Amino acid sequence: MNISNKLTLSRLVLAFVMTFFLSIPVIPFGKTLALITFVVAAITDYWDGRLARSDCGITVFGQLMDPLADKIIVCAAFISFVSIAQIVPAWIVVIIITRELLVTGLRILAANRGQIIPAGSVGKQKTIWQIIAIITIILGLAVREDILPLLLTPQALGDFLKQYYNLYFSYVTHAISGLVAVVTVVSGWLYFRQCKDWVMNDA
């Protein structure tokens with residue numbers, strides 16, 4: 001259990017912390033704290049990969065748990081978005097989670113065969129876009145619920161949210177989450193195409 005793997009496991013804890021901040025509306029500056037938590041998790045993802053490739057070495061545990069930890073925190077974020085008045089449509093989140101579960105099952109099947117499926121370039125791009133989408137959405141929530149109330153009177157805040165902010169924020173969240181869903185499906189299809197021969201043999 002080297003430093004790289006400990007950083008990987010820390011993302012599992014951060015996933016629960018982020019979900020707590022997103023899901024409990026009465027926490028002061030909860031969305032801002034959720035944003036900070038997710039950014040910290042993204043930083044640990046960068047560093048555990050860098051350490052694994054240099055000082056700590058790549059382990060089988062890390063190859064399996066690193067993408068799994070990424071999937072857990074991403075799914076936790078998108079499920080939380082559905083619970084917040086479906087700022088991301090539920091059907092998009094179902095697509096994302098289904099892909100992640102299918103690829104995780106594929107990795108387990110590969111592990112049973114003594115093989116490891118590393119993250120490909122498209123899979124890494126998928127992760128990057130998921131991170132961008134989650135940061136964008138949580139940032140929008142933090143501005144709406146934590147920052148704007150400090151700058152505007154209640155009446156002005158209500159008018160601004162109703163006439164402008166909520167409408168355009170909805171456009172952004174739907175567009176970026178839809179893009180993530182497309183990239184997620186494509187990357188999952190590429191994983192299965194890569195492994196289709198032995199998957200069909202084991203079917």
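The values are calculated or read from the model by the stated rules, or taken from the named source; none is laboratory data. These figures come from a predicted structure and were not determined experimentally. Here Cβ is always computed from backbone atoms with ideal geometry, including for glycine, and neighbour counts include all displayed protein chains.
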Residue selected from segment 102-114 under the condition surrounded by 15 or more Cβ atoms within 10 Å (Cβ to Cβ) and within 15 Å of Cys75 (Cβ to Cβ), by the criterion modelled with the lowest pLDDT: Thr104
Residue satisfying condition, being in a helix (DSSP H, G or I), among the basic types (Lys, Arg) and modelled with pLDDT of 90 or more, within set Arg99, Arg144, Arg193: Arg144
Residue in segment 172-188 that is within 20 Å of Thr98 (Cα to Cα) and not in a helix (DSSP H, G or I) present: no
All positions within segment 22-48 that are surrounded by 22 or more Cβ atoms within 10 Å (Cβ to Cβ) and under 19 Å from Ile87 (Cα atoms): Leu22, Lys31, Ala34, Leu35, Phe38
Count of segment 1-46 residues which are charged (D, E, K, R), within 14 Å of the chain's Cα centre (by Cα) and farther than 16 Å from Lys71 by Cα: 0
Single condition Gly140 does not satisfy, out of (1) closer than 27 Å to Ile36 by Cα; (2) buried (at least 18 other Cβ atoms within 10 Å of the Cβ); (3) in contact (Cβ under 8 Å) with a residue 40 or more places away in the chain: (3)
